[in-house]
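The values are calculated or read from the model by the stated rules, or taken from the named source; none is laboratory data. This one's a predicted model, so the numbers in the text were calculated from it and none came from an experiment. All Cβ positions, glycine included, derive from the backbone under ideal geometry; neighbour counts span all protein chains shown. Please note that ligands, DNA and RNA were not included when accessible areas were found on the heavy atoms of the full protein model with its side chains. Shrake-Rupley method; radii C 1.70, N 1.55, O 1.52, S 1.80 Å.
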Number of protein chains: 2
Amino acid sequence: MTPQNQLPSWNDSAARTAILDFIARITKKGGSEFVPPAERIATFDNDGTLWCEQPLPVQLYFAIDRVKALAPQHPDWKTTEPFASLLKGDLKTALAGGERALLELAVATHAGMTTAEFEQIVKDWIATAKHPKTDKLFTEMIYQPMFELLAYLRANGFKTYIVSGGGIEFMRPWAEQTYGIQPEQVVGSSIKTKFEMRDGKPVLVRLPELNFNDDKGGKPVAINQHIGRRPIAAFGNSDGDREMLEYTQGGSGARFMLLVLHDDAVREYAYGPAKGLPDVKLGAFTQALYDQTKKDGWTVVSMKNDWNRIFAFEEEKETVRQKVAPVTVQTEVEPVGLAVK
Amino acid sequence: MTPQNQLPSWNDSAARTAILDFIARITKKGGSEFVPPAERIATFDNDGTLWCEQPLPVQLYFAIDRVKALAPQHPDWKTTEPFASLLKGDLKTALAGGERALLELAVATHAGMTTAEFEQIVKDWIATAKHPKTDKLFTEMIYQPMFELLAYLRANGFKTYIVSGGGIEFMRPWAEQTYGIQPEQVVGSSIKTKFEMRDGKPVLVRLPELNFNDDKGGKPVAINQHIGRRPIAAFGNSDGDREMLEYTQGGSGARFMLLVLHDDAVREYAYGPAKGLPDVKLGAFTQALYDQTKKDGWTVVSMKNDWNRIFAFEEEKETVRQKVAPVTVQTEVEPVGLAVK
């Protein structure tokens, strides 16, 4: 494949050029910046970097659905926060408790079962759960340009890892099918587990206790723990990814750091640092982070300007349209997505 | 390569046959026990399974050497245990404090520096540190039959992992060169680390606090955390590996569990469960474990009877002998190793 055919959902922008240039340099045999395949490690944040995290992170929808499913067995939840508000549909009050409320929610919905049971719960949920605005499966809410980038890196000898603040056991059941990323290359937050014999069978039981918070400074720690090598490329979209990109840049030789800027209110959501954009707390890309990208030479991708397609289903929609009116060939893709309700 | 050429350091024993049979079954396309390559995960204990752990585990020699090297900067160690006894050469008294003494020793010698600095310390040490009896480099004290087994499994599509009670950052600097096992496939015990900027550079600092003890029930927990798949084959040599083998056996389909029995006092050490053998506390293979191998159908390898060579340098010695007296061809290999001082 020639570079011209690579990353088709990326416009011919500075960001795309920077990626292709980096790959060319580190794969050039005999070149001064050549990196042996074993050291070609790329780490990707998940929420907001590989898939949509708005209006809420996907795992939060999972937790809410689990609370609803488990409520009959927990009559006390009717009067206990954050469950009571959640069951009434009042998410704002439910999450007013901040991180503590989120942790209580996580523990109530993610612990108590074996790892195998939890895997099945996630698989069943992800097979049907849909985005509230697009009505697409959450696994269809992945960014097509990033999907192409994952494949392009792997085609160039990279091992691609997810390094996410999301739950490691929440991501593994679908990451391989969705992104081509195997369980052993998924790194995330976790609760503690315990080995025990249950009905004569060896199982791991998920305990109601945080094990590791894979965010901010935790990301380099987890990268070292799981991979034992410093990445040469890292991709994120928020303040929670800053340390991962700094750590990646801190190694010797060629390095590539990229942040996805959510500035497309029509096809996705706009919650970047530019003036006049809504202030979204979860997954924020702050002005300070934006300034750091300039200072440190990190690449910023504008979803609005640098990507000609955000979701794969945009194309499907066009195809459907062509089927309906085969004579009138559409030459321009009408903006579709989250603004289309 | 035909099965006849495989595992040349293994005698034609039941253990070798069991290994070859297992591999044949899980790799047979269309067979009822076929396992896709992505699921071919094999986990290996390190101390006593892949390399010699007698008379003391290698990492303990490392810690002792570090205490000696650091002693001038710690005058208080002259009167503080376990350091005082260690510096006097009285290992027995130094280790009388049990796990607490070991942890103090580990923290004093393994924490306080960056991960990159520690890696260099280990690399420098392992390049010259030698076994007290054989005077061979510790990296030469690896079991040739297990080395062949690692290569054989990888040739059959397996990912081979170390899952050891030893320190993850102690093993990674030499595991790839010694065993062909990459850093991301090394799992072990760890202390906590912290991301920080030091002199403007992003580093991970090793903290004086235990993060994870990768032994007994911790092994399945770490396997799940790092790999996210249940192994289909597991290899160990002691009570600390029992849960890893149980967990491996607990999955569906073909499974293979093996324990190395140290019953060769001439070529290595004898510290198995057989009557009259010395009672070695570290890395013990207890009678209860031996009984469990029978009950659960695990394979036990007798180093004495099932391996025609234990260390690669045994052959070297023979080669040297042939060079000295080229006319008198040796037809039988004289037992060499730890009994030969």
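From the list B:Glu169, B:Glu117, pick out the single residue that is modelled with pLDDT of 95 or more, of a type in the set (Asp, Glu) and surrounded by fewer than 19 Cβ atoms within 10 Å (Cβ to Cβ). It would help to see each step written out before you state the result.
Values: B:Glu169 fails: surrounded by fewer than 19 Cβ atoms within 10 Å (Cβ to Cβ).
Step by step, each of B:Glu169, B:Glu117 is checked, and only B:Glu117 is modelled with pLDDT of 95 or more, of a type in the set (Asp, Glu) and surrounded by fewer than 19 Cβ atoms within 10 Å (Cβ to Cβ).
State whether one or more residues within the range A:281-298 are outside any helix (DSSP H, G or I) and modelled with pLDDT of 90 or more.
Let us first name the residues in the range A:281-298 that are outside any helix (DSSP H, G or I), namely A:281-286, A:297-298.
Keeping just the survivors that are modelled with pLDDT of 90 or more gives A:297-298.
Checked the range A:281-298: at least one residue is outside any helix (DSSP H, G or I) and modelled with pLDDT of 90 or more.
Output yes when any residue across the range A:180-194 is of a type in the set (Gly, Ala, Ser), more than 8 Å from every other protein chain (Cβ to nearest Cβ), free of Cβ contacts under 8 Å to residues at least 12 places away in the same chain and not in a strand (DSSP E or B), and no when none is. Before you say what the answer is, go through the steps one by one.
Within the range A:180-194, the first condition is being of a type in the set (Gly, Ala, Ser), and the residues that meet it are A:180, A:188-190.
Now restrict to residues that are more than 8 Å from every other protein chain (Cβ to nearest Cβ): A:180, A:188-189.
So of that shortlist, the ones also free of Cβ contacts under 8 Å to residues at least 12 places away in the same chain come out as none.
Checked against the condition, which is being of a type in the set (Gly, Ala, Ser), more than 8 Å from every other protein chain (Cβ to nearest Cβ), free of Cβ contacts under 8 Å to residues at least 12 places away in the same chain and not in a strand (DSSP E or B), the range A:180-194 yields no hits at all.
Could you tell me whether any residue of the range A:148-161 is more than 10 Å from chain B (Cβ to nearest Cβ), over 16 Å from A:Ala42 (Cβ atoms) and open to solvent by less than 50 Å² (accessible area, probe 1.4 Å)? Break it down into steps so the answer makes sense when it comes.
Step one: of the range A:148-161, the residues more than 10 Å from chain B (Cβ to nearest Cβ) are A:148-158, A:160.
Next, from what is left, pick out any that are over 16 Å from A:Ala42 (Cβ atoms): none.
The answer is no, given that none of the residues of the range A:148-161 is more than 10 Å from chain B (Cβ to nearest Cβ), over 16 Å from A:Ala42 (Cβ atoms) and open to solvent by less than 50 Å² (accessible area, probe 1.4 Å).
Checking A:Arg172 against (1) more than 8 Å from every other protein chain (Cβ to nearest Cβ); (2) under 19 Å from A:Trp125 (Cα atoms); (3) not hydrophobic (A, V, I, L, M, F, W, C), which single condition isn't satisfied?
Of (1) more than 8 Å from every other protein chain (Cβ to nearest Cβ); (2) under 19 Å from A:Trp125 (Cα atoms); (3) not hydrophobic (A, V, I, L, M, F, W, C), only one is false for A:Arg172: (1).
Could you list, in sequence order, all residues of the range A:225-246 that are at the interface with another protein chain (Cβ under 10 Å from one of its Cβ atoms), open to solvent by less than 10 Å² (accessible area, probe 1.4 Å) and over 19 Å from A:Leu149 (Cα atoms)?
A:Ile227
Considering the range B:42-57 alone, what residues qualify as being surrounded by fewer than 24 Cβ atoms within 10 Å (Cβ to Cβ) and hydrophobic (A, V, I, L, M, F, W, C)?
Passing the criteria: B:Ala42, B:Trp51, B:Leu56.
Could you tell me whether B:Val203 is aliphatic (A, V, I, L, M), at pLDDT 95 or above and under 23 Å from the mean Cα position of the chain (by Cα)?
On the way: aliphatic (A, V, I, L, M): yes; at pLDDT 95 or above: yes; under 23 Å from the mean Cα position of the chain (by Cα): no.
For B:Val203, the condition - aliphatic (A, V, I, L, M), at pLDDT 95 or above and under 23 Å from the mean Cα position of the chain (by Cα) - is not met.
Taking only the range B:204-223 into account, find how many residues are more than 8 Å from every other protein chain (Cβ to nearest Cβ), assigned to a strand (DSSP E or B) and in contact (Cβ under 8 Å) with a residue 60 or more places away in the chain.
6
Quick check: anything in the range A:145-153 at pLDDT 95 or above, of a type in the set (Ser, Thr, Tyr), under 26 Å from A:Thr193 (Cβ atoms) and out of contact with any Cys (no Cβ under 7 Å at 6 or more places or on another chain)?
no
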